[in-house]
Structures are given as C-alpha cells and as structure tokens.
C-alpha cells in the first residue's frame, strides 16, 4: 500500500493579470503548502475500487468527475498501466474552498501511482498530466513553495519559513467561475520582488474583493483574523472562501483559533504550519 499526503495549498499572494486567448487568465501567485490535509491510499487489488471517507466525504461524488479517478485514468493512458487499484481518499479539507483540496488529491494520486509503476516524480509526462487536470495540480505535484505563472504551471522554487498558520472557512460555498466573472479586470501589476515573506506581505489577492462581495462572511473571517494578537498577515486563499493568518508564535495562533471557534463554532478551523 502507498499512502500519499495531500496537503492544503495556500496562495499567499495571487495577482490576476490579462485574460489569455485560450480563455484562462494569466496568473502570478505564491503557492505554499501546510503540514495537514487529505490522504490518498493506493493498494493493488483484484479490481478497481474508489471510496471517499473522512469528515468532508459527503461533499464529493465517487467515480466519474472526481479528480482522483481522472488522475488515475490519465496516468494509465499516459504510461500504459492497467493493474487494478483500490484507492481510498480520506477527506479532511473542505470542498471547493480555495485551498486546492481536489488538486492536492489528484497530485497525490499521480505521485502514488508513479511510485507503484516505477515512474520518476520528475518525469515530464507526469507534469503534463498534472497541467491537463487543473491549474493548481502542477504545484501540488511538486509539493513545495513555488512562484507560479501562466495558468500556474510555470513554476519557480522559493523558500519559506515554517510559520504557524491558522485556516478558517465560514462554511459558505463560493464558485470560482463566479468570482472570476465578478473580478473587475483591472491589472494591478506583477508580484513584488524579494523573498517569500516579502512577496506575501507586499502582494495581494485580486480575487478577494469579488469573493467578499459574493460571500460577505469572508469579511467577518478576515476581520477576526486581522484582529488577532501577533498576526503577520491575514488574507483569503485562491477564490475563497478559506482565509488564513500567518503568525510568528504558535501560542498566538492557538489563542486566535480558540477565540474564533468560541464565537463561530460552526466554522472550520485548522491550526497548522507552513511546510
């Protein structure tokens, strides 16, 4: 059995630039990953099987349009692999929440199948599959801090310190397509230069204003995070609705989580750290 972690992805900064001829938007983003997330377990079997377990299993369908099974099928088509697999996705991240859960799950599936098939993780064909599956999947396949450009597939490694981070999701759904449609199409410029923290602190998330207009609960989350003691940065990730706060001290992160969970017990909170 292969057990592959599928850690949550954060966009510490996300600058939306011009719309491309292919209909996608030119992006510049700082991808980071945290220490916690979903898990994908792959076991050779007599026949294919796919199951979803965990606290957020109910938000996903099984076979069909799931990114895990799409990744499995794409890997088989690319590498000529046909051995049956039992795949179990242990879903701990909220669905469609701006932290790359589905993309991370697809990337974990590709990594696990590559190990079983003896395919190098650096094989260009593997990255090509990832790019076809989604804009965030190449970064999730790499699994480390990256500056992403293009649709997110042109990646440059960069280091980030393992700061404590608190993730908060208010339990509201936000459509990525709706957020992009509500974006004002103003190019506010490229990512700043510097190390990862400089980029994050001087950067922005261009999708945050339209997401906040569509889901006002995001305003409340960000206000509570920004008011926490010791916070370095509070921002929305991706197209929302998950927001994050970076701290210097784990004690401040824990205090913020306690305050927010007491005030809004239905919200999802995760105390973790940058990986």
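With the requirement that a residue be over 15 Å from residue 238 (Cβ atoms) and touching a helix residue (DSSP H, G or I) at 6+ places or on another chain (Cβ under 6 Å), what does region 168-208 give you? Residues satisfying the conditions are 191, 192. Total residues in region 128-139 satisfying the condition of being under 20 Å from residue 26 (Cβ atoms) and surrounded by 18 or more Cβ atoms within 10 Å (Cβ to Cβ): the figure is 8. Residue 60: crowded, with 16+ Cβ neighbours inside 10 Å and in contact with a helix residue (DSSP H, G or I) (Cβ under 7 Å, 6 or more places away or on another chain), yes or no? In short, no. Looking only at region 152-175, residues that are surrounded by 15 or more Cβ atoms within 10 Å (Cβ to Cβ) and more than 30 Å from residue 258 (Cβ to Cβ) come to 5 in all. If the condition is being without any contact (Cβ under 8 Å) to a residue 40 or more places away in the chain, out of contact with any helix residue (DSSP H, G or I) (no Cβ under 7 Å at 6 or more places or on another chain) and surrounded by 19 or more Cβ atoms within 10 Å (Cβ to Cβ), then region 209-224 contributes only 222. Residue count for region 75-123, restricted to those that are farther than 14 Å from residue 140 by Cα, in contact (Cβ under 8 Å) with a residue 60 or more places away in the chain and out of contact with any helix residue (DSSP H, G or I) (no Cβ under 9 Å at 6 or more places or on another chain): 3.
Mind listing just one residue for me: the one in region 128-137 that is in contact with a helix residue (DSSP H, G or I) (Cβ under 6 Å, 6 or more places away or on another chain) and assigned to a helix (DSSP H, G or I) and, of those, farthest from residue 242 (Cα to Cα)? In this case the residue turns out to be 129.
Since every read-out is calculated from the coordinates, none of them should be taken as a lab result. Just so it is clear, the structure is predicted and the values come from calculations on it, not from any experiment. Glycine gets a Cβ as well: all are built from the backbone with ideal geometry, and neighbour counts include every protein chain shown.
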